[in-house]
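Each reported figure results from applying straightforward, stated rules to the coordinates on display, with no laboratory input. Source: prediction; values computed, not measured. Note that each Cβ is placed from the backbone with ideal geometry, even for glycine, and that neighbours are counted across all protein chains shown.
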Amino acid sequence: MTQWPEIYEKLPQRAKDYLEGRKLDEVECIIADIPGIARGKAVPAAKFAKQTSFYLPDSIFFQSITGDWSAADEEDEFIERDMILIPDYTTATAAPWTAASDWTLQVIHDAYDRKGNPIPYAPRNVLKKIVNLFHEMGLKPIVAPEMEFFLVGRNVDPSRPIEAMIGRSGRPAAARQAYSMTAIDEFGAVIDDIYDFAEAQGFEIDGITHEGGAGQLEINLRHGDPVKLADEVFYFKRLIREAALRHNCFATFMAKPIENEPGSAMHIHHSLIDMETGKNAFSGPQGGETELFFNFIGGLQKYIPSAIALLAPYVNSYRRYVKEYSAPINLSWARDNRTAGIRVPISGPEAKRVENRLAGMDCNPYIGIAASLACGYLGIKEELRPSKRQKGEPDEDENQIPRIMGDALDLFDEADKLHALLGEDFSRVYSTIKRSEYDEFLQVISPWEREHLLTNV
């Protein structure tokens with residue numbers, strides 16, 4: 001690609017490889033809103049090459065998942081101020097599903113105000129802020145997210161229950177097929193497109209497995225910088241949806257899309273690197289665990305309840321926290337024990353890490369990772385010690401984490417220390433949006449109510 005050298009020189013190698021011998025037609029200038037939806041504008045390559053910034057109204061961060069506007073702006077009037085969007089060329093990647101009509105790049109942008117200050121309620125800016133707090137301590141956070149999702153039949157009528165997709169055998173996907181290669185083969189065509197799209201975008205998949213739900217898959221990503229990995233999850237959600245649509249099905253990241261099936265989590269693995277030595281700060285010289293390791297776990301145990309509204313952002317999210325459905329509803333920590341909410345996987349000293357198993361796949365990856373890291377950060381700052389390690393099946397105390405959205409928001413609203421880290425403006429905007437969504441949901445009369453209450457009470 002030589003027609004736009006102004007663009008080409010700034011691109012990462014993965015994007016250069018994709019455009020080799022091709023004419024770039026369009027660039028999608030995107031940013032993640034509070035729910036994690038890609039917002040922005042598509043511009044011709046010629047226009048993108050000539051401009052250094054673009055503009056969007058800050059009101060995109062005041063929209064709920066339904067598209068309604070919340071009263072989140074701190075000003076008396078809703079004036080929709082312009083934000084300045086600056087491209088982060090390290091995020092430039094292909095949009096391979098558009099290749100039939102044109103050659104398109106996606107570029108994530110960072111949002112600033114007119115004075116050059118980061119927009120405080122932009123999710124990517126929030127995560128950057130938390131990462132910088134660790135850097136100030138001489139620590140480099142590393143994360144590895146796991147993405148669970150369902151492939152389901154097309155559902156164009158919201159009043160109908162979601163059903164498992166039809167596999168290559170012509171039968172609906174079956175449940176209780178965890179780690180089944182036969183179940184993987186049922187969705188081979190979709191998975192092949194996921195692999196192809198990921199390769200075109202330069203993303204490395206660590207593995208794909210079938211989970212316990214009907215048509216439920218998990219993709220593991222390689223560990224790395226939190227902002228980079230959040231970018232990848234953000235990209236992957238769109239990538240997977242596009243691959244599914246090619247095969248007459250939907251990919252959904254709802255926490256609990258199908259009744260009586262397990263939910264979908266975004267397990268987050270954390271480790272910390274000492275920036276001076278380059279070694280894992282969770283492991284001591286003799287291979288044992290450091291105080292930082294235990295402090296981080298202590299922070300997760302103490303502050304996750306207050307952060308649940310960020311890790312489980314919708315009313316549906318709380319349907320995942322059900323006993324005996326593979327979703328921990330406890331704050332216990334354990335080694336090599338998937339029933340614990342906080343797990344320490346088997347690893348050597350160089351790969352010592354802590355896994356937060358409470359985050360849902362429906363959370364915004366920037367916000368979810370930022371919230372989880374913030375909990376661990378507070379544990380380090382306050383030198384918190386965790387509870388005694390759980391050696392068996394944890395006690396699923398329903399009071400350990402909130403079980404409904406309203407209670408979760410109440411806890412978050414009182415979490416002054418989390419607000420200080422994430423940003424007061426972000427915390428206010430987030431809470432306002434989620435309150436509006438919750439209030440709207442409470443107006444909905446469910447099929448259960450119509451079935452059991454209509455003629456019986």
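Net charge in the neighbourhood of Thr66 (other residues with Cβ under 10 Å of its Cβ; Lys, Arg +1, Asp, Glu -1) is -3.
Order of 13-23, 349-359, 241-251 by packing, highest average Cβ count within 10 Å first?
Highest to lowest by the protection proxy: 349-359, 241-251, 13-23.
Approximating the spin labels as points 7 Å out from Cα along Cα→Cβ, the Ile404-to-Met137 distance works out to 3.5 nm.
Only beta bridges with both residues in the chain are counted; by DSSP, about 85 percent of them are antiparallel. Our coupling estimate for the range 80-85, obtained by passing each phi through the Karplus curve with A = 6.51, B = -1.76, C = 1.60 and θ = phi - 60°, is 6, 5, 6, 9, 9, 9 Hz, Gly and Pro reported as x.
Under a 5 Å amide H cut-off, with hydrogens placed 1.01 Å from N, Gln106 pairs with Glu28, Thr93, Ala94, Ala95 among residues at least 5 apart or on other chains. For the range 170-298, the square roots of the Cα gyration tensor eigenvalues, ordered a ≥ b ≥ c, give a/c of at least 1.5 with a/b greater than b/c, which places it in the prolate category. The listed peptides 385-391, 418-424, 362-368, ordered by packing as a protection proxy, come out as 362-368, 418-424, 385-391 (highest mean of other Cβ atoms within 10 Å first). Residues whose amide H lies under 5 Å from that of Asp362, counting only those 5 or more places away or on a different chain, are Ala255; hydrogens are built 1.01 Å from N in the peptide plane. Each residue of the range 242-252 was assigned a 3J(HN,Hα) from its phi angle through the Karplus curve 6.51 cos²θ - 1.76 cosθ + 1.60 (θ = phi - 60°); the sequence is 5, 4, 5, 4, 5, 10, 6, 9, 10, 9, 10 Hz, with glycine and proline shown as x.
Quick check on the range 333-457: take the gyration tensor over C-alpha atoms, sort the square-rooted eigenvalues as a ≥ b ≥ c, and tell me if it's rounded (a/c under 1.5), prolate or oblate.
In terms of gyration-tensor shape, oblate.
Indicate, rounded to the nearest 5 percent, the antiparallel portion of the DSSP beta bridges found entirely in the range 11-117.
Details: 18 of 23 bridges.
Roughly 80 percent of the DSSP beta bridges within the range 11-117 come out antiparallel.
Near Ala38, once Lys and Arg are set to +1 and Asp and Glu to -1 for all other residues with Cβ below 10 Å from its Cβ, the sum equals +1.
Entry note, the chain: the mean residue ellipticity at 222 nm calculated from DSSP H runs of n ≥ 4, each adding -39500 (n - 2.57), is -10000 deg cm²/dmol after division by the residues and rounding to the nearest 500.
Between Asn155 and Leu453, the distance separating the two model label sites (each 7 Å from Cα on the Cα→Cβ line) works out to 2.2 nm. Remark: the range 381-392, residue by residue, has Karplus-estimated 3J(HN,Hα) of 4, 9, 6, 6, 9, x, 5, 4, 4, 7, 9, x Hz, where x stands for each Gly or Pro and the curve is 6.51 cos²θ - 1.76 cosθ + 1.60 at θ = phi - 60°. Lys-Lys pairs in the range 11-117 that are eight or more residues apart or on separate chains and whose Cα atoms lie under 22 Å of each other come to 7. Annotation: amide H of Thr290 within the under-5 Å range of Ser283, Gly284, sequence separation 5 or more or interchain, hydrogens built in the peptide plane. Determine the shape class of the chain: with a ≥ b ≥ c the square roots of the Cα gyration tensor eigenvalues, call it rounded for a/c under 1.5, and otherwise prolate if a/b is greater than b/c, oblate otherwise. Taking the square roots of the gyration eigenvalues as a ≥ b ≥ c, the chain is rounded. Peptides 312-319, 59-66, 229-236 ordered by packing proxy, namely the average of other Cβ atoms within 10 Å per residue, highest first: 229-236, 312-319, 59-66. If R0 is taken as 45 Å, the Cβ-Cβ distance between Ala46 and Tyr195 corresponds to a FRET efficiency of 0.85.
How charged is the neighbourhood of Arg343? Take every other residue with its Cβ under 9 Å from the Cβ of Arg343, and add Lys/Arg as +1 and Asp/Glu as -1. Summing Lys and Arg as +1 and Asp and Glu as -1 gives +1.
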